[in-house]
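Enquirer: Let me begin by handing over the structure; questions about it come next.
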Amino acid sequence: MAAFVLSGIDPASLQPLFDLDDAGLAARYAVRRIADSARGFPCRVSLRDAAVGEELLLVPYWHQPAASPYRACGPVFIRRGAMPARLAANEVPPYVAQRLVSVRAYDHADCLVAAEVMEGVQVGAWLGSQLDDPGIAYAHLHSARHGCYLCHAARALR
């Protein structure tokens, strides 16, 4: 089975949004939130859930910006000051493992070719088998219940 690596979104263009007031955020279709539970505020940069009391923004994000019929944007949480996750090959963090996940594999034309819904602990095996197929370019993981984008999966560099 192919080795994979999960990655979050690049925070560079999003972190400056924390300096905006509520009106500035609203103009960008974003809102500020304070995590009031240990679950339900998954940061798409660090690939971990925010702790109670942490400040987040809920922003629209083009998780599938490709010029294909699958082009898509959706809401994502980002934590203030979040650093990008640096995961080892085949590592599935609790952020994924503790959720019901929709996994979606895309070809080199950015079109969906395989999809499943599964418990997060099963994601690693599915990704490994999908990425064994040279026709699969990458995969996306989404929260199965809310449908929100979680992270990107690619073949690990050898």
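Just so it is clear, none of the values below were taken in a lab; they were calculated from the coordinates. Since the model is a prediction, treat every value here as computed from it, not as a measurement. As a convention, Cβ positions derive from the backbone with ideal geometry for all residues, glycine included, and neighbour counts pool all protein chains shown.
Enquirer: Kindly put 28, 48 in sequence by how many other C-beta atoms sit within 10 Å of each C-beta, fewest to most.
Expert: 28, 48
Enquirer: Express in nm, to one decimal, how much length is gained between residue 112 and residue 156 on full extension, taking 0.36 nm for each residue of separation and deducting their alpha carbon distance.
Expert: 13.8 nm
Enquirer: Could you give the length gained on full extension between residue 22 and residue 68, defined as 0.36 nm per residue of separation minus the Cα-Cα distance, in nm?
Expert: Value of the extension gain: 13.2 nm.
Enquirer: Please give the contour-minus-distance gain from residue 52 to residue 7: 0.36 nm per residue of separation, less the Cα-Cα distance, rounded to one decimal in nm.
Expert: Result for the pair: 13.9 nm of gain on full extension.
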